[in-house]
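Coordinate-derived values only; no laboratory data. These numbers come from a predicted model, not from an experiment. Every residue, glycine as well, gets a Cβ built from its backbone with ideal geometry; the counts of neighbours run over all protein chains shown.
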Amino acid sequence: MIDSNLSSRICKTKELADISRRMRGELVEMSHTADAMHLGSSLSCVDIFVALYYGGCLNIDPKNPCAATRDRVILSKGHASMTFYTVLADTGFFSKDLLKTFNKTGSHLTEHPNLGALPGIEATAGSLGHGLSMGLGMALAGRNRHLPFRVFVIMSDGECNEGSVWEAAMLAPAQKIENLVVIIDFNRWQATGRSEEIMALNPLKEKWESFGWSAYDVDGHDISSLIKILSAIPDGSGKPIAIIAHTIKGKGVSFMEDDNNWHYRIPNAEEVKFAKEELGEL
Ligand SMILES: Cc1ncc(C[n+]2csc(CCOP(=O)(O)OP(=O)(O)O)c2C)c(N)n1
């Protein structure tokens, strides 16, 4: 019998890079077709998702997505839902055909994810700053029920400006939680400007450490390094884990990289063609 659990699907480094490239092409097209914003934000977290879902880091079986022992993944930066949906469809949580309905009236693939809309979605998101608190609640419930799952929360750097993030950041170590992981897609931009200029976050790793977390700085586009950290959780520190993934907004498409216009801009047909030529057909 074929084991469909994601923990046993470990791809080689070249395959992982190809998946990321293919997915970026799909996202550019999806933004155009669905008339959806937040392409830059969605491209910046692709490699984080690929490491998690294709690197053998998650104990989740897409064919049994409600198992009590499954790891939980929360996309707290819900505006990057395109990436989340594409990964969930590609790994078998639901049909890839559904992706064509993204952002359309009546679709389950809403601009921001909704709990219960589709398998693999563990929390409603959209209003930034809530995913970590929800993830902490799940992590506590798992520990209280002696269930061995981990909770992975994907946040953004601008989201760290929300006060609720730091309430959860204080509570998790106080509760000696070690099955909670926050991954911060640190692309240094927010909707309207540089994070450092709007409300400075640095030194971010040291901030999480000072709150009692085990923290790591990592190149958020280096899939192997991400997998190395993600596949060793709990990390033996007895603390919750914060991974500061240094990324580039718009990563993978030269004319979108580090250009914050692509927070809101939607590519036209010609831009889709250029982007896809650059990414190459896979
Ligand atoms: C509480 C809240 N305020 C405002 C918004 C509107 N909004 C959507 S994305 C965004 C900022 C995005 O910057 P960041 O969080 O750093 O994510 P990035 O897109 O750069 O990955 C904002 C303010 C929101 N979704 N939630």
### Task
Take THR105, project a point 7 Å from its Cα along the Cβ direction, then tell me which residues of the range 7-38 have their backbone nitrogen under 19 Å from it.
33-37
#### Entry: Net charge dipole size for the range 13-279 [Lys, Arg +1 and Asp, Glu -1 on Cβ; Debye, nearest 20]
780 debye
### Summary
Taking the range 113-171, the whole-percent share of alpha-carbon pairs separated by over 19 angstrom is 33 percent
### Task
Just name one of CYS160, GLN175, GLY212: the one whose Cα is farthest towards the positive end of the charge dipole of the chain (beta-carbon charges, Lys/Arg +1, Asp/Glu -1).
GLN175
### Task
Give me the lysines in straight-line cross-link reach of LYS63: C-alpha distance below 24 Å, same-chain residues under 8 apart excluded.
LYS12, LYS96, LYS100
### Task
Translational diffusion coefficient, Stokes-Einstein: compute it for the range 13-279 using the Kirkwood radius over C-alpha pairs as Rh, at 10 °C and 1.306 mPa s, and state it as an integer in µm² s⁻¹.
86 µm²/s
### Summary
Percent antiparallel among DSSP beta bridges confined to the range 13-279, nearest 5, equals 5 percent
### Task
Given the peptides 60-71, 174-185, arrange them by the average over their residues of other C-beta atoms within 10 Å, most packed first.
174-185, 60-71
